[in-house]
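The values are calculated or read from the model by the stated rules, or taken from the named source; none is laboratory data. For clarity, every value in this text was computed on a predicted model and none was experimentally measured. Positions of Cβ are generated from backbone atoms using ideal geometry, with glycine treated the same way; all protein chains shown enter the neighbour counts.
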Amino acid sequence: MTAQPAPSGTADKSAAVDVVVVGAGFAGLYALHRLRRQGLSVRVFEAAAGVGGVWYWNRYPGARCDVESVDYSYSFDSALEQEWNWTEKYATQPEILAYLNHVADRFDLRRDISFETRVTDMVLDEKTLRWEVRTDRGDVVSARFCILAVGPLSNANIPAIEGLDSFAGEVYHTAHWPHEGVDFTGKRVGVIGTGSSGIQAIPHIAKEAAQLYVFQRTPNYSVPAGNIPLDDETRAAQKAGYAERRRLSMLSGGGSPHQPHPESALDVSAEELRQTYERRWELGGVLFSKAFPDQLVTIEANDTARLFWEQKVRAVIDDPAVADVLIPKDHPIGAKRICTDDNYFQTFNRDNVSLVNLRATPIERIDASGLDTTEAHYDLDALVLATGFDAMTGSVQKLNVVGRGGRTLNEAWAEGPATYLGLGVPGFPNLFNIAGPGAPSVLANMVLHSELHLNWVADAIAFLDARSAPAIEAREDAAAEWVAECTRRAAETLMPQANSWYLGANIPGKPRVFMPFVGGFGVYGEIIADVAAAGYNGFDIHQDLTA
Ligand code: NA7
């Protein structure tokens, strides 16, 4: 991995640029490259000491992507596609981070990134329609455009458990894992949380710990990750087929080339049904949720997937009583993002692993020595919080973004995030949010999604510049209609039936709004392309500063 330069946030404290980008993950890096290529001056601010975004921070054992490496990689440069060699079907966190460092070097991106610099405020000057961007290092930068590339899953959720601060042992959150790693050998470890992060980490921690207690509030559906090493022949075939792979991905429901079975799950024979699910099981990754087109639309179709899943999972858990606790009963399969694992359920067959059902015996408090449930005290040396994120809005809402009339983005989103196409917010001209609420976001391949969004933003800026127009701004009526459209589409599916972070249900007090656009990545791409082709309908194009 390439060494990072010293933070450059101290270099030029006061400056004017065309674009400020917040975040240097997949989206921020591409924003910098794409907009620079268009002749714009760009400054990126990144809180971490290196590039990578969530892949910089989420270094817990077992962290791996659930989208195939060949698809979870940039499409904008065919030489990059051809030269990079993924070693596994589903890449590990270190390999993805190495890839992003390679991209940063290859396209000379670091010189415009200020590392270890957190944006604190973004304030609109209504007279000039420029943004004043301030950072925690004292930078004050004037920008015509701001791009929020902060990631929908980057603001860690620390649970409000009484006494957490009093614990005398080590405490880790999966999203802020120590860079030097953690050795759990011989320790009594508690893991709170059984979402994707917990489910990936638990089998690895179990191999080291003397005793592992898994504190489970809600069980989750997980399928085997299906990871395998990639050999030269497979890699060569993938590289030769890249153009078609990308074409299919851009038209697909979720940004990968695999298409669902053409028929309803209810219209195929029992054998066809079994074989289709078996193929998805073998493929691994998140696409088990999308084997049939109606799997997330009707409960009858969903039940066919759920029953297949349950039979597979029960077969690998020794104790039927443990299986009963591990098998979800409260939501349709896939209505929460399905998890992917490496022998997760088998881990509960180990002698050193105990499952604690928090639905039956909730956590009461944590003290210096460990954790109390209503039933027992657990002595612990280390506690791992795999408790997820304030998803989709959390990282944006940490920023003090002040738009027209002194109204903050937090005030504008008090009832839930209101955007037009996920990209623009009324009252916040020239501010673009990438892959967040109102867009397919976490339901799609985030790399291609970032490219789609940033190509759209770059074209919108070029459109303004061609007309010498200072600003573009989402209209109130268009945003209201888009929010209603997103809600309507979600209601036609099973997705709102789970208490998921898609709905904000994991954060106490957060408005319950189904945040992603569920209509599909390809459909969404067509919608935003049509809007652009029609001269950005639903947006006001300000022709002068008084408009
Ligand atoms: P998730 O999917 O939000 O999972 C968080 C887990 O933590 C989940 O099991 C929660 O239970 C549990 N949790 C949260 N707060 C508590 C408290 N107070 N007590 C007990 N248990 C708690 O986050 P992940 O990091 O695993 O994955 C997020 C996404 O990142 C993932 O989908 C991938 O796309 C990448 P709950 O379900 O709320 O009962």
Taking the condition touching a helix residue (DSSP H, G or I) at 6+ places or on another chain (Cβ under 9 Å) and either without any contact (Cβ under 8 Å) to a residue 24 or more places away in the chain or within 16 Å of the ligand (Cβ to nearest atom) (or both), does LEU431 pass? no
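Report yes if some residue within the range 18-28 is surrounded by fewer than 24 Cβ atoms within 10 Å (Cβ to Cβ), at pLDDT 95 or above and not polar (S, T, N, Q); otherwise report no.
Within the range 18-28, one or more residues are surrounded by fewer than 24 Cβ atoms within 10 Å (Cβ to Cβ), at pLDDT 95 or above and not polar (S, T, N, Q).
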Can you spot a residue in the range 529-541 that is touching a Pro at 6+ places or on another chain (Cβ under 9 Å), aliphatic (A, V, I, L, M) and not assigned by TED's automatic domain parsing to the domain that holds LYS290? no
ILE363, sole failed condition from (1) within 14 Å of the ligand (Cβ to nearest atom); (2) more than 28 Å from VAL442 (Cβ to Cβ); (3) in contact with a strand residue (DSSP E or B) (Cβ under 6 Å, 6 or more places away or on another chain); (4) of a type in the set (A, V, I, L, M, F, W, C): (2)
Which condition number in (1) over 15 Å from the mean Cα position of the chain (by Cα); (2) surrounded by 23 or more Cβ atoms within 10 Å (Cβ to Cβ); (3) in a helix (DSSP H, G or I) is the one that LEU448 fails? (1)
Can you tell me how many residues in the range 158-190 are in a strand (DSSP E or B) and within 16 Å of the ligand (Cβ to nearest atom)? 5
Hey, does the range 343-354 have a residue that's more than 15 Å from ILE199 (Cα to Cα), part of a loop (DSSP other than H, G, I, E, B), touching a Phe, Trp or Tyr at 6+ places or on another chain (Cβ under 8 Å) and in contact (Cβ under 8 Å) with a residue 12 or more places away in the chain? no
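Checking the condition outside any loop (DSSP other than H, G, I, E, B), surrounded by 21 or more Cβ atoms within 10 Å (Cβ to Cβ), polar (S, T, N, Q) and touching a helix residue (DSSP H, G or I) at 6+ places or on another chain (Cβ under 9 Å), which residue from SER154, SER197 passes?
Details: SER154 fails: outside any loop (DSSP other than H, G, I, E, B).
Of the residues listed, the single one that is outside any loop (DSSP other than H, G, I, E, B), surrounded by 21 or more Cβ atoms within 10 Å (Cβ to Cβ), polar (S, T, N, Q) and touching a helix residue (DSSP H, G or I) at 6+ places or on another chain (Cβ under 9 Å) is SER197.
Looking at the structure I just gave you, is SER249 touching a Gly at 6+ places or on another chain (Cβ under 8 Å), within 16 Å of the ligand (Cβ to nearest atom) and either not in a helix (DSSP H, G or I) or not β-branched (Val, Ile, Thr) (or both)?
Taking the combined requirement at face value, the residue does not satisfy it.
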Taking VAL384 as the residue in question, decide whether it is in a strand (DSSP E or B) and within 16 Å of the ligand (Cβ to nearest atom). yes
Checking ASP232 against (1) out of contact with any helix residue (DSSP H, G or I) (no Cβ under 9 Å at 6 or more places or on another chain); (2) within 16 Å of the ligand (Cβ to nearest atom), which test does it fail? (2)
